[in-house]
Amino acid sequence: MVERPAPPNREFYESMSAANSAVDPITGFLNRNAGLQAVARAVTEANSKRSLLAVLWVDMDRFRQVNDSFGHAGGDSVIVRIAERIRSGVSMPGEFVRMGSDEFVVLIPGLDRIGAERLAGKLLAEIEMPMPIDDILIRPSASIGIALGQVDDYPLGLLERADRAMIEAKRQGGNRIVMSGNEPVAGRLGIQLAREELAIESALHAALESGGLQLEYQPIIRQDGSVEAVEALMRCSVHGLMIPPRKFIPVAEKTGLIFRLGEWSLLQGARCAALLREQGSAAKVAINVSRVQLTSTSFIQALHGALICANVAPELIELELTESLFMDLSATVQANVRGARAAGVGLAIDDFGTGYSCLSSLKDLPATKLKLDRAFIGVLPRDRRAFAIVRAMTQLARDLGMIVVAEGVETREQLDACAAAGVDATQGFFNACPMSEETLLPWMKSGKQK
């Protein structure tokens, strides 16, 4: 018979509580309130520094069975050992929070998607190691949801995304990892999210009526210092409050407002290209296009309308599409992709390398530019494997006649690594931040990019 370790006694609880009221007395992790404050601080710091931040929400599978079988004292002893396994499985600085009876949050600054998934896999392996309790050897498991900090994130939103991802991991059977963005809207947050979407939809209508939409432009710089293109990034402001694109774009797609936003973006982007041409710049303007826009039979008509109204040559416009759009075999999407290329407009594959990345189809894509995802660039130059992948993808794309752009370049070392890999141009905060049209035009004219 295997002896069950004694759970923490009352004196232990009281001494821990007296030592630090922010600490959960059973695990030694931060309690829920202190954890929320830690998340708020981490998000604020990540936003100010434009740095990475990962949240892992860990929830034990079938923990009620443990409580029902061994009582709450037995359940507490299991929780203590699970917390020890989580802490020992994380070798980097971070915060540990007990969010509920069997739910934990691990907050790690500076961790990217690949690192977060690797850490989550390690935690799953640590947690599912056999654990003796009474005369039974149990094999615990957990569901883990991962959310990565985004530009202008807010603490509750980051935690909600991790929570939703964890719930989806449970729905799929548990003992697995789900990255935020791969899960449907969860039931317990559905009402709150629905209200938020209604508020955003209302704000979008107000922005369309009051001029609350604008484009900011981020330059893409060639290795010789000249400007290859500028990417148009949509911004939305209502009553002085900015709504992040990651929030209003999905709502616009769901409600059909994306068609109005898309036509507006095409026209404004084409106008900017005409202004750049007038001041002697041949830089292209890259405009993001969503799948919903390409499902419309009037998309090519809107594209031609923007070119005509702005009186700009089609070769000065570039459409940025995700990999999945190029792989979409629906007749309307394919017709719009071919129609845009036939009109002389350039096509760029955005965020390449983390989506479909089907090399067998790459040879057939009508793309003129390949934009390497920032996940490969953010770990340069220290990650030699990432460097090898960037170099290989660059050579392949160039052999296929595409210009290669590295996204998310934020340091001189990353820029030098991209140059060593043969990348044609780079985009990121190291070169220039997104700027308004009023700032872009004199910036281009002054030659500051060189």
Task: Two-site label geometry, GLU410 and ARG139: point separation in nm, points 7 Å out along Cα→Cβ - done: 4.0 nm
Open item on the list: I'd like the Kirkwood hydrodynamic radius of the stretch 189-307, using the inverse of the mean 1/r over distinct C-alpha pairs, in Å.
Closed with: 15.5 Å
Task: Per-q log10 I(q)/I(0), the chain, q = 0.06, 0.07, 0.08, 0.09 Å⁻¹ (Debye; single scatterer per alpha-carbon; no solvent) - done: -0.32, -0.43, -0.55, -0.68
TODO: Consider all pairwise Cα distances in the stretch 369-450 and report the whole-number % of them above 18 Å.
DONE: 43 percent
- [ ] Counting only C-alpha contacts under 8 Å and six or more residues apart, can you give the relative contact order of the chain as a whole percent?
- [x] 11 percent
Open item on the list: On a full-extension model of 0.36 nm per residue, what is the gain between LYS122 and ALA40, subtracting their alpha-carbon distance, rounded to one decimal in nm?
Closed with: 26.9 nm
Task: Largest-first principal axis extents of the Cα set of the stretch 64-105 (Å) - done: 35, 17, 13
Task: Two-site label geometry, ARG87 and TYR154: point separation in nm, points 7 Å out along Cα→Cβ - done: 3.4 nm
- [ ] Would you work out the charge dipole size for the chain about its Cα centre, treating the Cβ of every Lys and Arg as +1 and the Cβ of every Asp and Glu as -1, and quote it to the nearest 20 debye?
- [x] 600 debye
TODO: Obtain the nm distance between the two label points defined at LEU208 and ARG391 by a simple spin-label model: each point lies 7 Å from its Cα along the Cα-to-C-beta direction.
DONE: 5.0 nm
TODO: Would you mind calculating the gained length between THR295 and GLU278 on full extension (0.36 nm times residue separation, minus the Cα-Cα distance), in nm to one decimal?
DONE: 2.8 nm
Task: Most to least packed among 395-406, 82-93 [average Cβ atoms within 10 Å] - done: 395-406, 82-93
Task: All-pairs alpha carbon distance profile, the stretch 212-446, 10 Å steps from 0, percent - done: 8, 32, 37, 20, 2
- [ ] State the percentage of accessible surface on the chain attributable to carbon and sulfur atoms; use a 1.4 Å probe and exclude ligands, DNA and RNA.
- [x] 53 percent
Open item on the list: Suppose R0 equals 51 Å. What FRET efficiency, 1/(1 + (r/R0)^6) with r the Cβ-Cβ distance, do ALA73 and LYS254 give to the nearest 0.05?
Closed with: 0.60
- [ ] Please give the per residue accessible area of the chain, computed with a probe of 1.4 Å over protein heavy atoms only, in Å².
- [x] 47 Å²
TODO: Would you mind calculating the gained length between SER48 and GLU201 on full extension (0.36 nm times residue separation, minus the Cα-Cα distance), in nm to one decimal?
DONE: 52.3 nm
Task: Residue pairs, from the table LYS170/LYS247; LYS122/LYS247; LYS284/LYS363; LYS122/LYS254; LYS49/LYS371, whose Cα atoms sit over 27 Å apart - done: LYS122/LYS247; LYS122/LYS254
TODO: Work out the P(r) tail for the stretch 10-186: percent of alpha carbon pairs separated by more than 25 Å, whole number.
DONE: 31 percent
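The values are calculated or read from the model by the stated rules, or taken from the named source; none is laboratory data. Remember, predicted model here, so these are calculated numbers, not experimental data. FYI the Cβ positions are ideal-geometry reconstructions off the backbone, even for glycines, and counts take in every protein chain you see. The area values use the complete protein model at the heavy-atom level, side chains included, leaving out ligands, DNA and RNA. Shrake-Rupley method; radii C 1.70, N 1.55, O 1.52, S 1.80 Å.
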